[in-house]
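Working notes, structure below.
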Amino acid sequence: MAIELLFPLCALPGQRWRAWENEDMLYGMTSLRSTRMKAAFIVLLVTALAFFSWFTPPHDVVLHNILHHLNILPFMLAGLLFGWKGALKTILLATVLQAPSIHRHWFSEPLDAQDQIVELSTFGAAGMIAGVLAERERTQRRRVETTKLELEQVYTELRQNIDQLKKTERLTAAGQLSASLAHEIRNPLASISGAAGILARGQASAESRTECLNILTKESQRLNKLLTNFLEFARPRLPRYQSMDPEEMVRSVTALAQHNTKNLRVVVESQPESREVQCDPEQIKQLLLNLILNAVQATREDGAVTIRSFFEDDAYCVEVCDKGQGIPTEARESIFEPFFTTKETGTGLGLAIASNIAAQHGGTLTFRPNEGRGTIFRLQLPASEAVAIESVRSVR
């Protein structure tokens, strides 16, 4: 009964109630029992101190002094657990229960009675201060938890929006690729269909039949190349890394490309340095060969294509410079998009595949206008740690 009068937690079990720190109950019956047990323990402690104070002989000053000092325990517990209101109610309960003892000692042991009043007041004030601080800390913790929940909700919504955007972007890209691929296939199919129709009528001359067969062969090869490049772009294989001498790799690609240079000069400028590059040689050679052949096609027959390779900080760079017409300003933003080309017979997948290869290696493929005329394509790859190439070759 004393507990219910001192701590008005609830009148009927199962109903919502309000604790001393004016918090809404959020933890159900388990938390309710726990709170009641804490309140009961504080009441029991206050009652026990009042009981021993009454039955301790008045002349036993030392024991009374100890009992007075123990009053700090229920006051501090009430303040920490139930806030300043809980501490205030505990002080009132202790004052009521210890008032008979104070009254009795006021005439026989006035100093002890005064000491008891002072310590009740002092320890009570300390308990209320602790209660204020505890409530402030709990309020701050609730705010932090609320903010955390809000941030988690925002983060979840953001992730869902990002996933939705990625899905939409993939569907849009797939639609664009499908439309572009259909457009690129339509022209060769029209040529094949026309040539097949002429041959089917059986009235063409020998010269016309030869021309139709050439068209069928040429356009079939064009379709095969287009589909091969599309599959390489859509399903690129992962790089198979190994250590390579970059200077040797560039020179081997240049030697391969010189078969298509006609009267052009291909100049290789390299800065020999004792470092290797971790890469997939086949993919990087494919990338460089594509850049060099594009540069050759863009340069006049009496011109030159320059290939510069060098290390820059922790990156290995290869620049392919041509003296062609350059890339039009309106086409620069789309140069690496699939099926975009400025050539009459191009598939528009070469630079897109090259850009994918560079990205898979953790590098970049960029371009800029060449001084005076033409374009410079720059491949930048992460460089390996400094290794003496000659010693590596000797080990091999």
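Before moving on, here are some points about what is shown:
- Residue in the stretch 5-24 that is closer than 29 Å to GLN116 by Cβ, open to solvent by 60 Å² or more (accessible area, probe 1.4 Å) and modelled with pLDDT of 50 or more present: no
- All conditions in (1) modelled with pLDDT of 85 or more; (2) open to solvent by 40 Å² or more (accessible area, probe 1.4 Å); (3) touching a Ser or Thr at 6+ places or on another chain (Cβ under 9 Å) hold for SER274, with the sole exception of (1).
- Yes/no for ILE117 being under 19 Å from ILE129 (Cα atoms) and either without any contact (Cβ under 8 Å) to a residue 24 or more places away in the chain or exposed (fewer than 13 other Cβ atoms within 10 Å of the Cβ) (or both): yes
- Any hit, the stretch 305-315, residues being over 21 Å from ARG251 (Cα atoms) and either modelled with pLDDT under 80 or surrounded by fewer than 21 Cβ atoms within 10 Å (Cβ to Cβ) (or both): yes
- Residue ID - surrounded by the fewest Cβ atoms within 10 Å (Cβ to Cβ), chosen from residues in the stretch 319-339 that are outside any loop (DSSP other than H, G, I, E, B) and among the β-branched types (Val, Ile, Thr): THR329
- Consider the stretch 206-264 and keep the residues that are of a type in the set (Lys, Arg) and within 38 Å of the chain's Cα centre (by Cα). The one that is modelled with the lowest pLDDT is ARG235.
- Residue within the stretch 35-43 that is closer than 23 Å to SER101 by Cβ, crowded, with 19+ Cβ neighbours inside 10 Å and either within 42 Å of the chain's Cα centre (by Cα) or modelled with pLDDT of 80 or more (or both) present: yes
- Given (1) modelled with pLDDT of 80 or more; (2) open to solvent by less than 60 Å² (accessible area, probe 1.4 Å); (3) more than 30 Å from ASN224 (Cα to Cα), number of the condition VAL387 does not satisfy: (1)
- Residues in the stretch 44-64 that are touching a helix residue (DSSP H, G or I) at 6+ places or on another chain (Cβ under 7 Å) and at pLDDT below 80: PRO58, VAL61, HIS64.
- Any hit, the stretch 177-198, residues being at pLDDT below 75, open to solvent by 90 Å² or more (accessible area, probe 1.4 Å) and in a helix (DSSP H, G or I): yes
- Filtered residues of the stretch 121-132 (kept if within 16 Å of ASN65 (Cα to Cα), surrounded by fewer than 19 Cβ atoms within 10 Å (Cβ to Cβ) and of a type outside the set (Ser, Thr, Tyr)): none
- Residue check, SER108 modelled with pLDDT under 80 and among the hydroxyl-bearing types (Ser, Thr, Tyr): yes
- Any pair with Cβ under 9 angstrom, 6 or more apart, that starts in the stretch 231-249 at a residue that is assigned to a helix (DSSP H, G or I) and ends at one that is at pLDDT 80 or above and open to solvent by 60 Å² or more (accessible area, probe 1.4 Å): GLU232/GLN286; MET249/LYS285
- Boolean, SER108 is open to solvent by 40 Å² or more (accessible area, probe 1.4 Å), hydroxyl-bearing (Ser, Thr, Tyr) and within 47 Å of the chain's Cα centre (by Cα): no
- Residue list for the stretch 138-164, restricted to those being open to solvent by 100 Å² or more (accessible area, probe 1.4 Å) and more than 30 Å from LEU81 (Cα to Cα): GLN153, TYR155, ARG159, GLN160, GLN164
- The lone exception for GLY28 - which of (1) loosely packed, with under 12 Cβ neighbours inside 10 Å; (2) at pLDDT 80 or above it fails: (2)
The values are calculated or read from the model by the stated rules, or taken from the named source; none is laboratory data. Owing to the predicted nature of the structure, the values given are computational and were not obtained by experimental measurement. Backbone-built Cβ (ideal geometry, glycine too); neighbour counts: all protein chains shown. These accessible areas exclude ligands, DNA and RNA; they are computed on the full protein's heavy atoms, side chains included. Shrake-Rupley method; radii C 1.70, N 1.55, O 1.52, S 1.80 Å.
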